1. Say whether the condition of being modelled with pLDDT of 75 or more, surrounded by 15 or more Cβ atoms within 10 Å (Cβ to Cβ) and over 24 Å from the mean Cα position of the chain (by Cα) is met by at least one residue in the range 98-110.
2. Name the single residue, out of those in the range 40-55 being surrounded by 14 or more Cβ atoms within 10 Å (Cβ to Cβ) and outside any strand (DSSP E or B), that is modelled with the highest pLDDT.
3. Scan LYS37, LYS27 and give me the residue that is at pLDDT 80 or above and in a loop (DSSP other than H, G, I, E, B).
4. Given the residues ASP179, ASP199, which is the only one that is closer than 30 Å to ILE144 by Cα and out of contact with any Leu (no Cβ under 7 Å at 6 or more places or on another chain)?
5. Check LYS150 against each of (1) out of contact with any strand residue (DSSP E or B) (no Cβ under 6 Å at 6 or more places or on another chain); (2) at pLDDT 80 or above; (3) closer than 30 Å to PHE254 by Cα; (4) open to solvent by 80 Å² or more (accessible area, probe 1.4 Å) and name the one condition it does not meet.
6. Answer yes or no as to whether CYS129 is open to solvent by less than 70 Å² (accessible area, probe 1.4 Å) and modelled with pLDDT of 80 or more.
7. Exactly one of (1) surrounded by 12 or more Cβ atoms within 10 Å (Cβ to Cβ); (2) at pLDDT below 80 is unmet by HIS173. Its number?
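The values are calculated or read from the model by the stated rules, or taken from the named source; none is laboratory data. Predicted model, so just to flag it, every value in this text is computed and none were measured. As a convention, Cβ positions derive from the backbone with ideal geometry for all residues, glycine included, and neighbour counts pool all protein chains shown. We work out accessible area using only protein heavy atoms, side chains counted, and drop any ligands, DNA or RNA first. Shrake-Rupley method; radii C 1.70, N 1.55, O 1.52, S 1.80 Å.
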Amino acid sequence: MSTTVSTCPACFTKITDTSWILFSKAKYHKECFTCHKCSRMIGASESLKHDAGLRTCVDCAKKDDPSIGESKTCHGCGKAIDKAWVIGLGNTWHSDCFKCTECSRVIDPKEKFFKLEVDGKNVPKCGDCKVTKGVAGLDVKEKICAGCDKEIESAWVVALNKHWHHDCFKCSHCDRKIDSKEQFLTNLGNPVCMGCNNDHFRSKCSECSKPIAGTSLIYKEKSFHHACVKCTMCDEAFKVGDHENIRIVNGKDFKHADCKK
């Protein structure tokens, strides 16, 4: 049976020794668990300060803050801190108490996390958890589905500057689910699949009955592809941009203005 080998987060090499220091759910080589200011090794039983991923021995920490060494209370559990602690959201915490309020995962203060207010108390929320009401600096509606107005818990589609559940991103005309990779258009701000756009929203050529994309020839409330209309004199199809060179003959036939019998 294989054994998982841990990697020291300080030197990024594997730990093959039989003894190590466990801190904030990570294993360190004893020689790597040092103060970032004086480089002195910090013993497993010593108190230390942990702020923004940096470990500081008590002696160095006291030089910056004379209050270091005085009794501290964990902002998470309310109990006294007698050894290691972390600083987050402006408060001191036991390493194991600074955890996501939703998934309960222990958060390293150097990773990205958000502030959430619960019962008047600031608590952390990890970046892996979904965005919900109360997260500082984030718009709650960014994770509300534009189709059903319900919260999006996992995967979503971003389209039309809105977020959608995959099953809610569908054609507003035929109700067919639109794949996030396929092309679509809009009608009144709602998604429309290409099939419905061609069948119901585009004008159709009176000659071939197919949808018209782009410019068209229009005569007596009828639309035509340029290529579907030919000059009655030279039998050549008209081109886009020929509008100024088109004349109507007998109230129904098209001809080039410079074509003569």
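1. yes
2. Filtering first and then ranking leaves ILE42.
3. LYS37
4. Result of the check over ASP179, ASP199: ASP179.
5. The one condition LYS150 does not meet is (3).
6. no
7. (2)
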